[in-house]
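What follows is a short report on a single structure.
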Amino acid sequence: MLGRSTVAALATDFIAGEPPVAVHPTVWMGRWISRRRAERRSTGRAASLFEGACAVGGGILVTAALSAAAQRLLEHAPSSIRGLADGVALKPALSLRPLLDAASEVERALERGRLVEARRLLAWHLVSRDTTSLTRSEVAGAAIESVAENLSDSLVGPLLAFRVGGLTAAYVYRFINTADAMLGYHTDELEWFGKVAARTDDLANLAPSRITAALICGAAVAGNGSPRNAATVVLRDARLTASPNAGWPMSAMAGALGVRLTKRGHYVLNAAGAAPGFEDIARCRYITLTAAAIAAVLCDLI
């Protein structure tokens with residue numbers, strides 16, 4: 001079924017970039033979730049939990065039905081181009097190039113001494129936290145954290161899902177991840193409405209986050225980093241984050257780069273590491289690109 005599909009999907013991501021907004025599946029997923037959020041009526045915990053579960057469950061069913069139909073159509077493609085066709089169809093479930101491009105923009109702003117611009121770019125493209133008071137090293141660290149975490153969410157997770165269950169599994173994974181990104185917050189409005197999205201995403205990312213950490217360890221040399229230190233830090237610090245999954249790729253990247261990644265009041269990963277700078281964002285991008293290539297090749301070979 002797979003052929004060279006995952007390598008083709010990664011190549012399409014870098015060559016063609018994102019599909020137009022009007023036909024982008026993730027954009028449509030976001031619209032579904034936004035509409036369900038706007039239509040919510042309950043304020044009580046149990047009712048909000050139920051409404052959130054219906055929003056997520058309904059979105060999963062719609063996504064599965066549409067992606068299964070697309071997969072059935074692709075089964076009629078000539079065998080000579082089936083791998084390429086599957087890869088092109090899979091591509092919208094991946095999003096590595098925009099991630100690396102966004103990190104590169106933050107890196108250039110820091111390199112030019114434009115801290116305010118770097119903070120703005122970081123908040124615009126990569127993180128949801130307040131960036132207005134972050135120092136240079138905190139901005140660099142947050143960019144590195146986002147790239148590492150999203151390597152799991154935006155590439156390894158969809159590839160692994162595709163390997164297990166084809167386009168249907170890949171797009172269901174993308175819907176779950178999108179729902180968590182939009183609803184999984186500890187606010188008065190979303191604490192209970194978004195809980196099913198958050199817990200489903202936690203479950204879906206148990207394997208991808210740990211595989212991503214292993215890939216980062218293996219690719220550390222691409223950023224002049226240490227595989228051994230990456231493995232040591234991930235085994236020690238992966239559980240320091242509130243998320244059961246985010247700490248794995250982030251701590252692996254912290255160890256690979258030999259830097260300290262900090263989110264005020266939440267965690268410190270690789271506390272003995274150096275403060276990160278703009279040059280470490282570049283090293284992180286090299287490691288991420290190498291890890292992504294390894295993941296795509298392995299998915300096609302296994």
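At a glance:
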quantity	calculated
Under-5 Å amide H pairs with V259, H placed in peptide plane, nonlocal only	A274
Accessible area (Å², per residue) of the chain, counting only protein heavy atoms and a probe of 1.4 Å	46 Å²
Loop-located trypsin sites (Lys or Arg not before Pro) in the range 1-55 whose Cβ has at most 14 other Cβ within 10 Å (DSSP)	R41
P(r), alpha carbons of the range 97-170 - 5 Å bins starting at zero, rounded %	3, 17, 25, 18, 12, 9, 7, 5, 3, 0
Relative contact order of the range 152-302, defined on C-alpha pairs under 8 angstrom at six or more residues apart (%)	21 percent
Three-way shape call for the chain based on the alpha-carbon gyration tensor, with the a/c threshold at 1.5	oblate
For the chain: relative contact order, % (alpha-carbon pairs under 8 angstrom, 6 or more apart)	22 percent
Between the range 171-238 and the range 107-166, the Cα center-to-center distance that results, in Å	13 Å
Carbon and sulfur %, accessible surface of the range 1-123 computed with the full protein complex present, 1.4 Å	62 percent
222 nm mean residue ellipticity, helices alone, for the chain (DSSP H n ≥ 4; -39,500 (n - 2.57); rounded to 500)	-22500 deg cm²/dmol
Relative contact order [Cα under 8 Å, 6+ residues apart], the range 77-131, whole percent	25 percent
Highest-fluctuation residue, M253, M29, M182 considered, GNM on the chain with Cα pairs under 10 Å	M182
Top of L84, L203, L151 by mean-square fluctuation, Gaussian network on the chain, Cα under 10 Å	L203
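The values are calculated or read from the model by the stated rules, or taken from the named source; none is laboratory data. What you are looking at is a predicted structure, and each value in this text was computed from that prediction instead of being measured. Cβ coordinates were reconstructed from backbone atoms using ideal geometry, including for glycine residues, and neighbour counts include every protein chain displayed. In case anyone asks, the SASA skips ligands and DNA or RNA and just uses the protein heavy atoms, side chains included. Shrake-Rupley method; radii C 1.70, N 1.55, O 1.52, S 1.80 Å.
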